[in-house]
Amino acid sequence: MTDVRYPFTAIVGMSDLRLGLLLNAVSPAVGGVLVRGEKGTAKSTMVRALAGLLPSIAAVDGCRFACDPTAPDPQCPDGPHTSLESHERPSQLVELPVGVAEDRIVGSLDLERALAEGVKAYEPGLLAKAHRGVLYIDEVNLLQDHVVDLLLDAAAMGRSYVEREGVSVRHAARFLLVGTMNPEEGELRPQLLDRFGLTVEIAATRDPAERAEVVRRRLAYDADPAGFAARFAAEERELAEHITAARELLPKVELPDVALRQITAVCAAFEVDGLRADIVMARTAVALAAWAGRTEVLEEDVRKAAQLALPHRRRRNPFDAPGLDEEQLDRTLEEHAQPEDPEPEPEGDGPGPDGEGPDGGPDGGGPDGGGPDDGGPDGGGAPEPSDGGTPEASAPEDAEAPAQPPVPAQHPAPARESAPVAAGDPYRTRLFTVRGTGHGAQGRRSPAETSGGHTIRARRPQGPLSRLHLTATLQAAAPHQVARGRDGRALVLHKDDFREQVRQGRESNLVLFVVDASGSMAARQRMTAVKGAVLSLLTDAYQRRDKIGMITFRGAGAELALPPTSSVEVGAARLESLPTGGRTPLAAGLLRAHEVLRVERLRDPNRRPLLVVVTDGRATGGRDALAQSQRAAALFAAQGTANVVLDCESGPVRLGLARTLAGLLGGSAVSLDELRAEGVASLVRENRSVSRPVSRSVNRSTTAMRKAA
């Protein structure tokens, strides 16, 4: 297998991504690039190709932190460097695995030397290796939030801080940060998006000729990597020289006051939070000027900087798509394209004596400021139209202007189906958790033993040792040192001495929504409130890093509208377009949910499910619908599946069918109003996942449902 990289200049199209990467190569202070795009769009290929274009660096001999011999880091753990003998080496490309642990990123105590030699030594992590190179994070949206925070903090400050296990280390960590992600697999939180300097959206070209060229080049590279790279060697050298020249020109580029005012005006116009966007735009505009070979920032640089630096900062809630209004951007740039002028002079023929207007008034229009065109000799006519048109163009609404056309009435939908209605405004819901302690992926919902969190105890390793509990290990080994013949500083350890940390944090869960979309839910106000509630729960799932799925049931059966995924945004889109109408096949919805959870347990046995049934409790689909729904509900109760029923019943007369269903499921029911209430959390925690005999409650619930039917 050859190690020849695919040439950067051989990649077809994707000009914005190419430019974003090159600008960060010229000025790493821009803050990195987040590449958002669908799978199979050469995101990783282009990032790896960029590393081959970066100039080689000089590093101090024997320094594990790649200190620059011309300006060594005074806090380097391998310093102070008295001898500055150096060597040239290529810039490093460090790739961060998705499942990487925090210790591997920042470094940790060298346990081998600590236990064998009795000395405290620091083992550098990936941040030290990436110093003065490229740190590449594929699928950055799948990393744990605390890991992403740590990486972005280091990228912003240019330094890594390690305080752990008795080790206190600070070292330089300046690198070009590039993250890639597929939005279908889940979004980054807006707070983390803001930490990336630039963002680029990419998609595969739809032009058959370009697609053919991409395939042609890829096949040629696979057949002969070295020969293919040689074809583009001259272009690669030219581009590398361009990067070096732009880096040298960068300190000489000036940012005029006009350009700076345009930058701040654009950020204010788009209501971007904080001032990071202003700083990133300024640095990006300067880098654009240097890349173009200029020493002054122009309006075109500001415009392009806004297109790269602002779209992801416009995202205010989990379901907003990044984007930028180009017309608003052009208007703002045009309004602030000239230096600030003094106060404009009043319109007319010029000021009269004592600074008055031509007619003696202070505003050029008579004693009271009125003009001769104000509609009459007394100046009391109608005001001028605000849009600069003629008075006739701004006639009163009740004049002869044509009446506004009436809002078209909603066309009646078919009898068994209503058109989708919009969701109500989302709100903050109570925290629903799964009882017990899980072992799933780190998140923010239910208690679990995780690789993060705080250490609660030590235990003997259960499998390969991954998180050594140093204190407990030393305590276990200490009583046996004399018997083992210890004669130096190093400890004599046996396998039985080792202890591992048990850390408690929170896990993410699989939240599976089962939504009743039948005719009994079709009232517009009611469905708007129901969708608003589900959207609120989706927002909560997003914030707690859950996977979600959605099943809808109506008419003749149930449909898996959204297979379990981390992309909560897709769930919100499916919810928005959900139609209603038809019968209520409650049993079909529950059985489909049971099958989905069975498959997901096989795929990911450590991720515990949370079932959320959104219904008014009616069951009218098919023969013996009531008995079928009872049997389906009993399946969840027997397994102890955590669940909550969102009771959507409304009106002065309520049958309580949803609460009866909750009893059959072995869980609790929460009304739409109670979803916001303070007391609902304790009710759900106590009842959701309790394994208890359910026969008595099932009998009561069955009786109630039969009476209601």
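Which one of these does LEU127 not meet: (1) open to solvent by less than 50 Å² (accessible area, probe 1.4 Å); (2) modelled with pLDDT under 80; (3) not polar (S, T, N, Q)?
That leaves (2) as the condition not met.
What about THR9, is it more than 18 Å from VAL94 (Cα to Cα) and polar (S, T, N, Q)?
Here the answer is yes, as THR9 does meet what is asked.
How many residues does the stretch 23-60 contain that are over 17 Å from PRO183 (Cβ atoms), open to solvent by less than 10 Å² (accessible area, probe 1.4 Å) and in a strand (DSSP E or B)?
2
For VAL169, are the conditions met, namely being of a type in the set (A, V, I, L, M), open to solvent by less than 50 Å² (accessible area, probe 1.4 Å) and either part of a helix (DSSP H, G or I) or modelled with pLDDT of 85 or more (or both)?
When the stated conditions are applied, VAL169 does not pass them.
Restricting the search to the stretch 435-461, which residues are assigned to a loop (DSSP other than H, G, I, E, B) and in contact (Cβ under 8 Å) with a residue 60 or more places away in the chain?
Residues satisfying the conditions are ARG435, GLY436, THR437, HIS439, GLY440, ALA441.
Scan the stretch 642-671 residue by residue and report those that are farther than 18 Å from VAL511 by Cβ, in contact (Cβ under 8 Å) with a residue 40 or more places away in the chain and in a loop (DSSP other than H, G, I, E, B).
Within the stretch 642-671, SER650, LEU655, GLY656 qualify.
Out of THR615, THR620, which single residue is open to solvent by 40 Å² or more (accessible area, probe 1.4 Å) and in contact (Cβ under 8 Å) with a residue 60 or more places away in the chain?
THR620
Every residue in the stretch 519-567 that is under 29 Å from ASP604 (Cα atoms), of a type in the set (Ser, Thr, Tyr) and open to solvent by less than 40 Å² (accessible area, probe 1.4 Å), please.
SER536, THR539, TYR542, THR552, THR565, SER567, listed by residue number.
Can you go through ALA25, ALA49, ALA29 and tell me which one is over 25 Å from the mean Cα position of the chain (by Cα) and of a type in the set (Gly, Ala, Ser)?
Going through ALA25, ALA49, ALA29 in turn, just one is over 25 Å from the mean Cα position of the chain (by Cα) and of a type in the set (Gly, Ala, Ser): ALA49.
Among the residues of the stretch 226-251, which ones are open to solvent by less than 70 Å² (accessible area, probe 1.4 Å), within 14 Å of ILE11 (Cα to Cα) and in a helix (DSSP H, G or I)?
Scanning the stretch 226-251 gives PHE228, ALA229, ALA233, GLU236, LEU239.
What pairs come out if I take residues in the stretch 327-341 that are under 18 Å from ALA285 (Cα atoms) and part of a helix (DSSP H, G or I) and pair them with residues that are open to solvent by less than 30 Å² (accessible area, probe 1.4 Å) and modelled with pLDDT of 90 or more whose C-beta lies under 7 Å away, six or more apart or interchain?
Listed by first residue and then by second, the contacts come to LEU329/VAL266; LEU329/ALA306; THR332/ALA265; THR332/VAL266; LEU333/GLN262; LEU333/VAL266; LEU333/VAL302.
Step by step: first the residues of the stretch 252-275, then only those that are assigned to a helix (DSSP H, G or I), out of contact with any helix residue (DSSP H, G or I) (no Cβ under 6 Å at 6 or more places or on another chain) and not β-branched (Val, Ile, Thr), then the one that is least open to solvent (accessible area, probe 1.4 Å). Which residue is that?
ARG261
Filter the stretch 177-220 down to the residues that are touching a Phe, Trp or Tyr at 6+ places or on another chain (Cβ under 9 Å), buried (at least 21 other Cβ atoms within 10 Å of the Cβ) and on the phi < 0 side of the Ramachandran plot and list them by number.
LEU177, VAL178, GLY179, THR180, GLU187, LEU188
What helices (runs of 4 or more DSSP H) completely inside the stretch 462-581 contain at least 2 residues that are polar (S, T, N, Q) and closer than 28 Å to ASP103 by Cα?
Result: 470-477.
For the stretch 438-470, how many residues are touching a strand residue (DSSP E or B) at 6+ places or on another chain (Cβ under 8 Å) and under 30 Å from LEU493 (Cβ atoms)?
Result for the stretch 438-470: 21.
Please indicate, with yes or no, whether at least one residue in the stretch 13-22 is under 18 Å from VAL214 (Cα atoms), open to solvent by 30 Å² or more (accessible area, probe 1.4 Å) and free of Cβ contacts under 8 Å to residues at least 12 places away in the same chain.
Yes: the stretch 13-22 contains one or more residues that are under 18 Å from VAL214 (Cα atoms), open to solvent by 30 Å² or more (accessible area, probe 1.4 Å) and free of Cβ contacts under 8 Å to residues at least 12 places away in the same chain.
Answer yes if at least one residue in the stretch 71-82 is polar (S, T, N, Q), in contact (Cβ under 8 Å) with a residue 12 or more places away in the chain and open to solvent by less than 70 Å² (accessible area, probe 1.4 Å), and no otherwise.
No: the stretch 71-82 contains no residue that is polar (S, T, N, Q), in contact (Cβ under 8 Å) with a residue 12 or more places away in the chain and open to solvent by less than 70 Å² (accessible area, probe 1.4 Å).
Kindly provide the set of residues from the stretch 281-300 that are open to solvent by 10 Å² or more (accessible area, probe 1.4 Å) and not hydroxyl-bearing (Ser, Thr, Tyr), ordered by number.
ALA282, ARG283, VAL286, LEU288, TRP291, ALA292, GLY293, ARG294, GLU296, LEU298, GLU299, GLU300
Output yes when any residue across the stretch 292-310 is more than 22 Å from PRO190 (Cα to Cα), out of contact with any strand residue (DSSP E or B) (no Cβ under 6 Å at 6 or more places or on another chain) and at pLDDT below 90, and no when none is.
no
The values are calculated or read from the model by the stated rules, or taken from the named source; none is laboratory data. This structure is a prediction, so every number in the text was calculated from the model and none was measured. Counting neighbours? That spans all protein chains shown, and the Cβs are built from the backbone with ideal geometry, glycine included. For accessibility, only protein heavy atoms count, side chains too; no ligands or nucleic acids. Shrake-Rupley method; radii C 1.70, N 1.55, O 1.52, S 1.80 Å.
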